[in-house]
Structures are given as structure tokens and as C-alpha cells.
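Written below as C-alpha cells is the structure these notes are about.
The values are calculated or read from the model by the stated rules, or taken from the named source; none is laboratory data. Since the structure is predicted, the reported quantities are computational estimates derived from the model, not experimental observations. Virtual Cβ from ideal backbone geometry, glycine too; neighbours counted across all protein chains shown.
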Amino acid sequence: MTFKDLGLNDRLLSALNQKGYIKPSQIQDKAIPIILEGHDLLGSAQTGSGKTAAFVLPLLNKLLEIPLEKSKRHIRALIITPTRELAAQVHQSVVDYGSLSQMRSTVIFGGVNANPQIATLRSGVDVLVATPGRLLDLQSQKALSLSKVEFLVLDEADRMLDMGFARDLNKIVGLLPQKRQNLLFSATFSKEIKALANKFLNFPKQVEVNPSNSTVETVNQEVIRVDKSRKTALIIHLIKEGDWKQVLIFTRTKHGANKLCKKMIQSGISAAAIHGNKSQNARTKALADFKNGSVKALVATDIAARGLDIPLLPYVVNFELPNVPEDYVHRIGRTGRAGAEGKALSLVSGDEKVYLKDIEKLIDQRISSSVHPGFELDPSIVYKAIKKPGRSGNSRKKPSSFKKRPNTFR
Ligand code: AMP
């Protein structure tokens, strides 16, 4: 299949050509025809699978089918994402793919001055990308109207539920016309996601792509067993020894991210932290510096890193394992993207073994583990296993699409 075979408009094909995309990805192959036919869609795909283009392309195509009335622009497509970073990235895709389509779009999210956003909205947009809070805020100020929306996209809906946006989503959907096309994307199809889909979607077609194809299989995963107190020294050593140019490091807490970032800077590694307590400007700057290479190590918490599109990231390090095993899959999805090889390294101390077990169960693989020379374990340290937190009604089942496969990295 080529993008042309999928039936996309010439202007979109030219924009894709400019981006250098040759073949549609699996999710694009499956989702684009369904959306073009006008069906609602429930799609399961991970970040890194090309899911953004899978909904942005057909959506723009559908908008182009009806000639634009420039004098009477109104919001025709609404895309909602859980985080600011993801909103900005999805909007960039709308801009890139729609560059030849005379479409007007904008993105709104909290944490930054609303006035420029209001001014752009007043000048008229066809496509709006938004996070839930700022969207409702500006709607209540009458800075925008959702009464003529034809297409609704909920991106990373599982994360929106995790972040407590269920009520906001209800409110937003209540402001939309009854007749519209709905697309919902989620990394997993949990009970909660199915309930949300039942509520918002109309006889949706379901599309699922095997996440192990897009992430788990192309990522070289490894565990280094190390004492907790030596993790910082080890990561600094690994970066220096391997002369790593770009590494994304995950910590469990904001405080942990700050602390590690400070230690790295003290040891001469350019680093920045990205998490929920940072201002939007600081987050945008950290990401830009990381992308342009002036910052070598980006230290992030799960929520802040969700949806970050950093193509061809060579290294992802789990400084601490996530306590929700699905977050491990999201984290390592930052590397080995679009078919490129990447390496995901987890520094695991004795108390985290229980998390490691859960992760291996989820991905149906044993991850090869070793001890780094010079960082051998101190046998006198006895770790108490970390107590697993209870799940807050969001228990996500193992995706049925994870296949058992031998570990090739041992
Ligand atoms: P996403 O899963 O939407 O975050 O996309 C992951 C990355 O793959 C992004 O950097 C996209 O620009 C890129 N991408 C999306 N579709 C294709 C394609 N058909 N061919 C090559 N790269 C793509």
C-alpha cells in the first residue's frame, strides 16, 4: 500500500513527499481508509507507531472535501490530548501535513498566557488542538465555540482518564453537535476505555496494531543491577564512558528528576529536567535544547514525557522503574522509533525487583540483566521490596497483542 492507494488528496500526498514518508505505517494502513469512509474509530496504537498521521491525514482529507469558506471559518475538527507537549506535537503534524491545504489551525493549552491563543481563535481556525482544561476555560469565556465541530479526536485517551480528565471530557462532548465523526486512540483497551468509547462513539470500527512491532521488538532492552546509592554515579559513568550524545532518563518523582539533573550538571554533563512543576516555557526550552543537542541528558517524569516526539533517540534510561508496568512500554517507546534501533537501559536496585517482574510479565519477555564492572552490588545491603501501590480503578489489562518471543539480547 502507498499513501496514494489509501485515497489521500494530492495536496496531502505532496506534503508527505516533502516529509520523506514513503510507506504508510501499520496503523496508518488500517485506520486511514476507515476514517475516510466516515466511520467512528477506536484505535489502539502506541506513540511511535505513526498514529498521529493516522488520524491527522484522513481528517484533513475530509475537511478538504468540502471547500473552505474563508470568511466563515469555524472550528470543524477538535483534537484533545492529555498533555501540553503532546498537544504541541500533534499541532505540528497538522501544520506539516496541512502545509499545502490552506487550512488554519492552532493549539491551546494551559500554563501560558491565554491572550495570544484567544486572538488566534478570534481570527478563525478550522482545526483546534487542545488540552481539556484550557479548552473549557476559553469556551466558558466565549473565546471559542464548539457548536459546529464535525470531527472529534481523543488522543491518548487512557492517559486522559489516568490524569482525571473524565469529567472534563464529558463536559466538552456535551458542547459538541450530536452528529459528528469520533476517533479515539488509546494505548490499551481497558474496561474504562471501552466504557468511554460506548459513551462517545457511534458503532466504532476497532483497529489494533501490535505494540511489540512498533516498540518492544525493535528496542534492545537491558537491566543493570546496581545499588540504589550508586545509581547516580553509574549513569554519569555510562554517559561519559560511552560518550553518549543524547539520552532521555526517567525518574519516578519530580524531586528525583531535579536532584539527578543537578548532580549531572555538577559532574559536567549538560542536563535539563522536565516535569509538571516546571513552567511551560521551561519545559518547551528544555525539550528544544535537548532536540538541538545543546542539552545531552533530559531527565523526565512519566507524565511530562508522555507523547514527546524525539525521533531516533538512541538511549532511554530508566533511572527508576515505573510502578505501573505499562509506563515501561511507553518509556521505551521513545527509542527505536520508525524502525530505528534503540537501547533501553534500566538501573534496577534490589527493592525494585517486584516492578521488574511485573514488567516482564506484561511484555512476556525476560530482560537480560548484568552488573556493571566497578559497580558491583554490596552484599551487606538488604533491600525491602517496595510496596506496590493499589490501583485507583484504572487497572489496565495486559494488551492481548503482546506476543511471547524469545529474548534475543541475552
Ligand atoms: P507518532 O506515533 O505519531 O508519534 O509518530 C512517530 C514518528 O514517526 C514521528 O516522528 C513521525 O513523524 C514518524 N512517522 C509517522 N508516519 C511515518 C511514516 N509513514 N513513515 C516514516 N515516518 C513516519
- Item | Hits in the range 26-49 (condition: away from the ligand (no atom under 16 Å from the Cβ) and closer than 9 Å to V207 by Cβ) | I34, L42
- Failed item in (1) modelled with pLDDT of 95 or more; (2) surrounded by fewer than 16 Cβ atoms within 10 Å (Cβ to Cβ); (3) closer than 25 Å to E352 by Cβ; (4) not small (G, A, S), with T253 passing the rest: (1)
- Query: Looking at (1) more than 12 Å from V317 (Cα to Cα); (2) assigned to a helix (DSSP H, G or I), can you tell me which one D243 breaks?
  - Reply: (2)
- Filter the range 93-135 for residues that are without any contact (Cβ under 8 Å) to a residue 40 or more places away in the chain and within 14 Å of the ligand (Cβ to nearest atom); the one that is surrounded by the fewest Cβ atoms within 10 Å (Cβ to Cβ) is V95
- Message: Regarding the range 50-59, can at least one residue be identified that is surrounded by fewer than 18 Cβ atoms within 10 Å (Cβ to Cβ), more than 11 Å from the ligand (Cβ to nearest atom) and more than 19 Å from the chain's Cα centre (by Cα)?
- Response: no
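Assess whether A195 counts as being assigned by TED's automatic domain parsing to the domain that holds K62 and free of Cβ contacts under 8 Å to residues at least 24 places away in the same chain. First the steps, then the outcome.
Working: assigned by TED's automatic domain parsing to the domain that holds K62: yes; free of Cβ contacts under 8 Å to residues at least 24 places away in the same chain: yes.
So A195 passes the test.
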- Message: Exactly one of these conditions fails for P314: (1) in contact with a Lys or Arg (Cβ under 8 Å, 6 or more places away or on another chain); (2) within 26 Å of G50 (Cα to Cα); (3) at pLDDT 95 or above. Give me its number.
- Response: (3)
